[in-house]
Amino acid sequence: MEKMTEQEFKKKADGALAALNRALIGAADDYGFEVDFNAGALTIEFEDPPAKFVVSPNAPPRQIWVSALSKSYKLDWDEVAASFVHVESGDTLKQLIENVVGKQLGEDVNL
């Protein structure tokens, strides 16, 4: 499989993060966290218990990196799923974020 260009990656990553940002903003009040989308990176902050998750594109390897729950998750673009996917779990970006936010809050989260 040939590697996508940096421009293709940027377009896909920007689209994925913008969609995730919209979903998170819609859920932020229900679940009590704050979302900030700035300089191409998405931050999710929790007050109780306190934590900060960061979702950011990493252009050289063409991945989206998620830093959450003291772990780092690396997601690759999956043409079939038309989404960034965490190779180890098979979760899409949205599913992964639902899982880590749910673990942080101790409840099921649907974005």
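What follows draws every value from the coordinates through simple rules; no lab data is involved. Source: prediction; values computed, not measured. All Cβ positions, even for glycine, are placed from backbone atoms using ideal geometry, and neighbour counts span all protein chains on display.
Overview of values
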| quantity | calculated |
| --- | --- |
| Hydrodynamic radius (Kirkwood) for region 4-45, which is based on Cα pairs only, to one decimal in Å | 11.0 |
| At 0.692 mPa s and 37 °C, Stokes D of region 33-111 from Kirkwood alpha-carbon radius, µm² per second | 254 |
| Inter-site label distance for A23 and S89 at 7 Å from Cα along Cβ, in nm | 1.2 |
| Value at 222 nm in deg cm²/dmol, rounded to 500, when DSSP H runs of n ≥ 4 in the chain each add -39,500 (n - 2.57) | -12000 deg cm²/dmol |
